[in-house]
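The next block holds one structure in the form of structure tokens; read it before the comments.
The values are calculated or read from the model by the stated rules, or taken from the named source; none is laboratory data. Bear in mind that the values here come from a model prediction, so they are computed numbers and not experimental data. Methodologically, a virtual Cβ is constructed for each residue, glycine included, from the backbone with ideal geometry; neighbour enumeration extends over all protein chains shown.
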Ligand code: ZN
């Protein structure tokens with residue numbers, strides 16, 4: 001059955017809300033998150049450091065750093081995926097700079113892959129650096145092979161900067177500057193790395209909104225991920241339906257996770273945390289939590305965002321696909 005492919009939506013034409021975020025000094029953030037991390041991990045170090053060159057292994061990012069005009073984007077919504085897909089929701093990372101004026105712009109984050117290119121629904125680890133006449137696209141998608149039911153990772157071509165349905169991106173000029181380096185090993189508490197940081201920020205800062213984005217390297221251990229299969233032909237109406245539809249895997253390290261977390265939602269139907277992983281060994285997908293507490297090692301380089309841009313917020317959100 002031939003299907004016509006949708007036009008990519010122009011972000012300029014979509015409703016966009018801009019909210020100024022709280023931007024505490026990096027040292028203060030370290031002091032705020034340290035106690036919660038110490039509750040959940042045996043070994044913790046938090047420092048403010050000059051960002052390493054993130055284009056190098058083991059990171060494989062499209063630009064060197066996370067600094068300069070730092071922002072986060074929450075685009076679309078799970079309600080464009082559930083209960084049934086809305087195939088008109090196709091966006092493009094190249095439109096981000098129309099919204100923020102950031103040039104060059106380096107975008108890293110988690111979203112749904114560009115199904116018109118991939119052929120099926122997929123998990124996008126977005127990783128794009130672009131200026132007027134330059135695009136470096138190191139984005140990967142992870143999809144389900146419908147025959148083997150296993151995951152497959154592929155790199156997107158330079159000109160394929162689209163995504164679909166929903167995404168959560170951290171953007172900057174991509175230059176090197178001061179960032180948080182957070183290293184945690186051996187989990188002893190109930191909370192995973194991302195949730196520990198987010199809850200500590202949320203408890204301390206209350207209604208002030210703090211957003212952190214960048215890269216989390218899973219250096220050792222394993223994590224639970226999901227990978228979306230192709231769009232469901234039957235409506236997904238409950239968490240049970242959703243978990244039956246998704247494919248869950250335990251994947252080995254090393255893994256690179258891209259995305260952001262935000263401490264408070266001022267009523268924008270924000271995704272509070274969202275990271276997608278990729279690797280050089282073919283594994284990746286949506287990060288849930290680590291599954292082998294004795295061997296896990298996280299090393300994150302994160303920076304603070306100045307604004308959040310909420311693009312194409314639906315009239316009504318869905319609570320499925322909630323907190324992680
Ligand atoms: Zn995801």
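Is there a residue being at pLDDT below 95, farther than 30 Å from residue 48 by Cβ and in a loop (DSSP other than H, G, I, E, B) anywhere in region 133-142? Yes, region 133-142 contains at least one residue that is at pLDDT below 95, farther than 30 Å from residue 48 by Cβ and in a loop (DSSP other than H, G, I, E, B).
Does residue 96 qualify as being in a helix (DSSP H, G or I), in contact with a strand residue (DSSP E or B) (Cβ under 8 Å, 6 or more places away or on another chain) and either buried (at least 24 other Cβ atoms within 10 Å of the Cβ) or at negative phi (or both)? It is true that residue 96 is in a helix (DSSP H, G or I), in contact with a strand residue (DSSP E or B) (Cβ under 8 Å, 6 or more places away or on another chain) and either buried (at least 24 other Cβ atoms within 10 Å of the Cβ) or at negative phi (or both).
Number of residues in region 100-129 that are buried (at least 24 other Cβ atoms within 10 Å of the Cβ) and more than 16 Å from the ligand (Cβ to nearest atom): the value is 3. Selection of first residues in region 118-131 that are within 12 Å of residue 229 (Cβ to Cβ) and of second residues that are away from the ligand (no atom under 11 Å from the Cβ) and assigned to a loop (DSSP other than H, G, I, E, B), restricted to Cβ pairs under 6 Å at least 6 apart or on distinct chains, gives the following pairs, ordered by first then second residue: 120/230; 121/230; 121/231. Screening residue 260 against (1) closer than 30 Å to residue 177 by Cβ; (2) over 17 Å from the mean Cα position of the chain (by Cα); (3) within 16 Å of the ligand (Cβ to nearest atom) leaves a single unmet condition, (2).
Have a look at 165, 153 and point out the one that is in contact with a helix residue (DSSP H, G or I) (Cβ under 9 Å, 6 or more places away or on another chain), part of a strand (DSSP E or B) and within 16 Å of the ligand (Cβ to nearest atom). Exactly one residue qualifies, and that residue is 165. Within region 219-248, the set of residues being touching a helix residue (DSSP H, G or I) at 6+ places or on another chain (Cβ under 9 Å) and either away from the ligand (no atom under 13 Å from the Cβ) or closer than 30 Å to residue 53 by Cβ (or both) comprises 229, 230, 231, 232, 234, 235, 236. Return yes when residue 147 is modelled with pLDDT under 95 and either under 20 Å from residue 309 (Cβ atoms) or away from the ligand (no atom under 16 Å from the Cβ) (or both) and no when it is not. So residue 147 fits the description; yes.
Across region 39-56, the number of residues qualifying as in a loop (DSSP other than H, G, I, E, B), out of contact with any strand residue (DSSP E or B) (no Cβ under 9 Å at 6 or more places or on another chain) and touching a residue at least 12 places away in the same chain (Cβ under 8 Å) comes to 1.
Could you list, in sequence order, the residues of region 120-132 that are farther than 24 Å from residue 232 by Cα and in a strand (DSSP E or B)? Those that are farther than 24 Å from residue 232 by Cα and in a strand (DSSP E or B): 127, 128, 129, 130, 131.
Can you name the residue in region 242-268 that is touching a residue at least 60 places away in the same chain (Cβ under 8 Å) and outside any strand (DSSP E or B) and is also surrounded by the most Cβ atoms within 10 Å (Cβ to Cβ) among such residues? It comes out as 263.
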